[in-house]
Amino acid sequence: MPAGEPVLSVRGLSACFRTDLGVVTAVDDVSFDLSAGETLAIVGESGCGKTVTSKSIMRLLPERNSFLSDQSRIIYHNRPRRRAAAKDRLPPGEIELAHADAPTMHHVRGARIAMIFQEPMTSLNPVFTIGWQLDEALKYHTDLSRRGRRRRAVEMLRLVEIANPEQRIHEYPHQLSGGMRQRVMIALALCCEPDVLIADEPTTALDVTIQAQILDLMAGLKARLGTAIMFITHNLGVVAQFADRVLVMYAGRVIESGPVRDIFHRPQHPYTRALLDSIPRAGNRHRGRPLATIEGIVPSLLNLPGGCKFADRCPRRRENCVEREPALEPGPDGRPVRCYYPHHEPRVAEPGGRT
Amino acid sequence: MLTGLKRAWESRAARKFRRNRMAVAALAVIALYLAVGLWVLSVDGLKALGDSTGWWNVRSAPLVDALSTEQAGAVVGPLEEPGFGIKPRPEERLTAVKARLDDLGKAFRLRARGGEDREARIRAALAEINYGAVRVADRPVEELRAQWEAVKRQYDTIAESPNLDRDPAALPALRDLEAATAALFTEPGGVRGFLQDFRLSLGTDRQGRSIMVKAVYSIKVAIQIGLVVAIVATLLGALLGAAGAFFGGWVDYFVVWLYSTLSSLPDLVLLGVLVFMFTGSVFDDVNRPYLSLVPLYVAMCLTFWIGPCRIIRGEVLKIKELEYVQAATAIGFSRLYVLIRHALPNTLHLMFINFSLLFIAAIKNEVVLSFLGLGVKSGTSWGLMIQESTQQVINGFYWQIGAATAFMFVLVLAFNILSDALQDAFDPKHVG
C-alpha cells in the first residue's frame, strides 16, 4: 500500500455512556486520518478519552451502556493487497465501522485492525499455550494449513525477537516475563498482517529498559510491515521518540494536532504547552525550581463547563473563553487548534528525551 | 497426544500429586470402583446381547457371570447367614437345614396329573432347586428319596431336643445332620466353589441373597448415578452460569431467577415431589429396569446444577472483565466463541471441584432417597440395602448395613481425599 493514503478516517466520532446520572459524552466530535505506515500518537491525561477513542474504533465498548452517535463515521479504506492466505471476505473500498454489523467487525478485528492492550500480564489467556493462541487467530483469519500456521507462528515470534521460538510456542503465558508477554501480544496482533495497529499504552506496565526495547521493536516492525500505528499514551517522551503525528486530547475533545516536531517546538494550545512544560528533564537549567504543573483538575464529564473546557485552568483565559467553546480551527501555525488565544511564539525547550 | 500426556505426567502438579501417597491410594481405590462398575455394566450388556442374538451365553462362564443384575437378585444360601464363615446359632442352623429339607420334600410330594410321568416331574422340580451354585445331587430319584427320609428322621430327633444350647449331645448331632444334609446336594468345586465362598463371604440377606454380590453390584448403581448426575449438573450449571454472566441482561436475570427460585425450595422435598411425579410412569415399569434410574437422574440434575451455576457465574463475571477476553474479541472472535473457548476453559478448575463434590452428593442422595423409598425401587443399591437392614438391625444382624455402609464409606472417603489432593496439586498459590 502506498504510504500517505489514509487507511482509517475518523469523522465526528462521539462515544456516549449511559450512566445513572444521565448520558455522558466521553469522546466528543473527534476526527482524524491515519495513513499507511504512519504513527499517530494520541496524548492526554487520564480520563481524556484516549482509550475510549481506540475502543470505539475497535467497537469494543460495552453495548449495554454505551453507543456511538449517529454522526460518527469510522471509515476503513479496504484496498486489495496481497496477504498471506487471508480469508478475504470484506468488499474493497470504504467500509464504515461505527455502525457496522457483527460479522463485518469479526472480519475487521484482528485481520485489518489489531489492538495491543496496556496490561501484558492479563492480556494472554492463561490456560492455553502461546502457540495455541497464535494458531487460533491464524485459523480464524487465514486459509493457512496446520503446518503453515505453525510456521507462521514461529516466524512471528522470531520477528518480535523471542529467543527459541520453536520451544516457546509450547509455553504458557505464566512462563514468560512481562516484556516477553507484550512481545507475544504484538506477534498476536500482527500475525494476520493488519493495516492498522492500535496500541493502548503498550509500555505503561513495563519497566523502562523493556519499554525502550518494545518501542524499538514496534518502530522496526512498522518500517518492515508498513502497518499504521495508532499509539495511545500519556508519556510525551515516548511520543517524541516514536510518533509522526500527534493528537492532543482534553476532556474528550481534540484540542490540537499536527506533526510531532511542530507540537513539541511550537505548541499553540496553552494546555499542550503546559503539558510539555511539566516534563521533568535532566540538566541543571531547572535545578532549584519547582516542577511546572497545571493547576486544578480535569472537569467532570458529567458537569462540563459551557465554554472552553480548559478555561478554568488556563493562564491565558479571558472573558469570552467561558462563554462559548472555541472550534477546532487552523491556528497561527496553520495547524488546527481549539483556542481563542493560541500561542504564536515557538517554545524554547527542546523535545523531551526518552523517559 | 503422546507428548501431551508425557508433558502432563511430568508437570509440576502431577509430580506434587504423586508425592501424596494418600491421594495415589485414593485414586487407585476410585479406579478399582470404576473398573468394577464398568465390569458389571458390560456383563449386563453382554448378557442382553447374548440373549437376543444367541451369540454367547454369559451364564456358561461363571467367573464372568459372577456380578450381574441377575446374580444380585439370586438366592445363594440360607436366610440371614452371617459372613466370614461364622456359624450362626444352633437354632438358626437347624432352621437352615429344615428349609433345605422342606424344599426337597415339596418336590417329592408332587403328584402326577393327567398321564404325566411322575418321576420326570419330580426330577424336573429337583433340578429347579438351587442355592447359588449348590444343586441337588445328581442321583436316581428313589435313592435320593430314601436318603432324604433318613436325614428327615435324623432331623426330627434333634428337633425334639428342648434346648439345643445346653444339650451337650446336640452339637455333634447337629454337625452330623448338617453333613448328611450336605450329602443330598453337590457342593460345587473349583471356580464355582470359590465363587460360592465369595458369595457367602459377607453372609446373606432376608431372602438368602448374597450381601457381597449386592454390595459390589451397587457400586455400578452408585457410579452410574454419580457420573450421570455430576456430569450433567456441572455442565448445565456451568453453561447457564457462564451464559448469564457473559451475556448479562435478560439472560442473566433469567438464570438468576431460575436458580434463586429452585434453591428456595428444600432439596429433599423437591426431589421427593419429582420422584413421586414419575411413579407409575414408564420409568416405574418392572419390565424395564434400565429406565428405573431416570427419575433419580432428572430429579438430582434439576437441583444440583445450582451450585456450579452460582460459582461459575461469579467466576465468569470476573473473567469477562479481564483483558484476555477483550483481546480475544479484538482478534475478531464472536462472543459465543470467546465465551466457550476463552472464558469457560478458565473455569475448568471450578468445574472439576464441583464435579467431585456433586459426584459424592449424588451417591449420598441416592442412598438417602432409596432409604426413604423414593429412590431405586426395584433392583439393588446401597440405599435399598440399608433400608432392608432396618429390621435386621433390631434383631442384631449387622452384616447388610455394615457392608453397604463400608462400601459407600470407602468410595466417598477416597473421593474426598482425591479432590483435596487435586486442589493442593493444582492450586497455583501453593507452588513448591
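A residue that is more than 14 Å from chain A (Cβ to nearest Cβ), of a type in the set (A, V, I, L, M, F, W, C) and surrounded by fewer than 16 Cβ atoms within 10 Å (Cβ to Cβ) cannot be found anywhere in the range B:355-363. Of the helices (runs of 4 or more DSSP H) entirely within the range B:1-115, those holding at least 3 residues that are hydrophobic (A, V, I, L, M, F, W, C) occupy B:2-10, B:12-19, B:21-53, B:90-108.
Filtered by the rule that a residue be aliphatic (A, V, I, L, M), part of a loop (DSSP other than H, G, I, E, B) and within 11 Å of chain B (Cβ to nearest Cβ), the range A:33-65 gives A:Leu60, A:Leu61.
Of the listed requirements (1) surrounded by fewer than 24 Cβ atoms within 10 Å (Cβ to Cβ); (2) more than 14 Å from every other protein chain (Cβ to nearest Cβ), B:Glu366 misses just one: (1).
Every residue in the range B:390-416 that is crowded, with 19+ Cβ neighbours inside 10 Å and either at positive phi or at pLDDT below 90 (or both), please. Answer for the range B:390-416, where residues must be crowded, with 19+ Cβ neighbours inside 10 Å and either at positive phi or at pLDDT below 90 (or both): B:Phe397, B:Phe415. For the range A:91-99, the criterion of being surrounded by 20 or more Cβ atoms within 10 Å (Cβ to Cβ), within 14 Å of chain B (Cβ to nearest Cβ) and either in a loop (DSSP other than H, G, I, E, B) or modelled with pLDDT of 90 or more (or both) is satisfied by at least one residue.
For the range A:217-235, indicate whether the set of residues that are crowded, with 19+ Cβ neighbours inside 10 Å, within 14 Å of chain B (Cβ to nearest Cβ) and over 26 Å from A:Ala36 (Cβ atoms) is non-empty. The answer is no; no qualifying residue exists. Looking only at the range A:186-216, how many residues end up being more than 21 Å from A:Thr122 (Cβ to Cβ), within 14 Å of another protein chain (Cβ to nearest Cβ) and of a type in the set (Val, Ile, Thr)? Qualifying residue count, the range A:186-216: 1. Every listed requirement among (1) closer than 21 Å to B:Lys98 by Cα; (2) out of contact with any helix residue (DSSP H, G or I) (no Cβ under 9 Å at 6 or more places or on another chain) is met by B:Glu187 save one, (2).
For the range A:108-152, which residues satisfy the criterion of being of a type in the set (S, T, N, Q) and more than 9 Å from chain B (Cβ to nearest Cβ)? Within the range A:108-152, A:Thr129, A:Thr142, A:Ser145 qualify. The sole residue among A:Arg261, A:Arg317, A:Arg281 that is part of a loop (DSSP other than H, G, I, E, B) and within 24 Å of A:Gly331 (Cβ to Cβ) is A:Arg317. Do we find a residue being surrounded by 15 or more Cβ atoms within 10 Å (Cβ to Cβ), closer than 20 Å to B:Leu202 by Cβ and charged (D, E, K, R) anywhere in the range B:37-58? Looking for residues that are surrounded by 15 or more Cβ atoms within 10 Å (Cβ to Cβ), closer than 20 Å to B:Leu202 by Cβ and charged (D, E, K, R), one finds none in the range B:37-58, hence no. Just one residue in the set A:Asp195, A:Asp207 is buried (at least 22 other Cβ atoms within 10 Å of the Cβ) and either of a type outside the set (A, V, I, L, M, F, W, C) or more than 21 Å from the chain's Cα centre (by Cα) (or both); that residue is A:Asp195.
Looking for something touching a helix residue (DSSP H, G or I) at 6+ places or on another chain (Cβ under 6 Å) and more than 11 Å from every other protein chain (Cβ to nearest Cβ) - is there at least one such residue anywhere in the range B:319-335? No, the range B:319-335 contains no residue that is touching a helix residue (DSSP H, G or I) at 6+ places or on another chain (Cβ under 6 Å) and more than 11 Å from every other protein chain (Cβ to nearest Cβ). Residues that are at pLDDT 85 or above and under 26 Å from the mean Cα position of the chain (by Cα) do not occur anywhere in the range A:288-301.
Do we find a residue being touching a residue at least 40 places away in the same chain (Cβ under 8 Å), within 14 Å of chain B (Cβ to nearest Cβ), within 27 Å of A:Thr203 (Cα to Cα) and outside any strand (DSSP E or B) anywhere in the range A:73-86? There is no residue in the range A:73-86 that is touching a residue at least 40 places away in the same chain (Cβ under 8 Å), within 14 Å of chain B (Cβ to nearest Cβ), within 27 Å of A:Thr203 (Cα to Cα) and outside any strand (DSSP E or B).
Among residues of the range A:155-197 being in contact (Cβ under 8 Å) with a residue 12 or more places away in the chain and basic (Lys, Arg), the one that is nearest to A:Pro6 (Cα to Cα) is A:Arg183. Consider the range B:116-134 and keep the residues that are hydrophobic (A, V, I, L, M, F, W, C) and in a loop (DSSP other than H, G, I, E, B). The one that is surrounded by the fewest Cβ atoms within 10 Å (Cβ to Cβ) is B:Ile129.
Every condition in (1) assigned to a helix (DSSP H, G or I); (2) closer than 22 Å to A:Leu61 by Cα is met by B:Val273 except one, and the failing one is (2).
The criterion of at least 1 residues that are touching a residue at least 60 places away in the same chain (Cβ under 8 Å) and basic (Lys, Arg) is met by the following helices (runs of 4 or more DSSP H) wholly inside the range B:305-400: B:306-319.
Would you check if B:Ala245 is assigned to a helix (DSSP H, G or I), over 16 Å from B:Leu369 (Cα atoms), in the same structural domain as B:Arg335 (by TED's automatic domain parsing) and modelled with pLDDT of 90 or more? The answer is yes for B:Ala245. Do we find a residue being closer than 30 Å to B:Phe409 by Cβ and more than 14 Å from chain A (Cβ to nearest Cβ) anywhere in the range B:341-350? No, because not a single residue in the range B:341-350 is closer than 30 Å to B:Phe409 by Cβ and more than 14 Å from chain A (Cβ to nearest Cβ).
It is to be established whether one or more residues within the range A:280-288 are in the same structural domain as A:Ile162 (by TED's automatic domain parsing) and free of Cβ contacts under 8 Å to residues at least 60 places away in the same chain. No, there is no match, as no residue in the range A:280-288 is in the same structural domain as A:Ile162 (by TED's automatic domain parsing) and free of Cβ contacts under 8 Å to residues at least 60 places away in the same chain. Tallying residues that are in contact with a strand residue (DSSP E or B) (Cβ under 7 Å, 6 or more places away or on another chain), without any contact (Cβ under 8 Å) to a residue 40 or more places away in the chain and in a loop (DSSP other than H, G, I, E, B) within the range A:2-32 yields 1. For A:Tyr172, the criteria (1) more than 27 Å from the chain's Cα centre (by Cα); (2) more than 14 Å from every other protein chain (Cβ to nearest Cβ); (3) not hydrophobic (A, V, I, L, M, F, W, C) hold in every case but one, which is (2).
The values are calculated or read from the model by the stated rules, or taken from the named source; none is laboratory data. Since the model is a prediction, treat every value here as computed from it, not as a measurement. Reconstructed Cβ throughout: ideal geometry from the backbone, glycine too, with neighbour counts over all protein chains shown.
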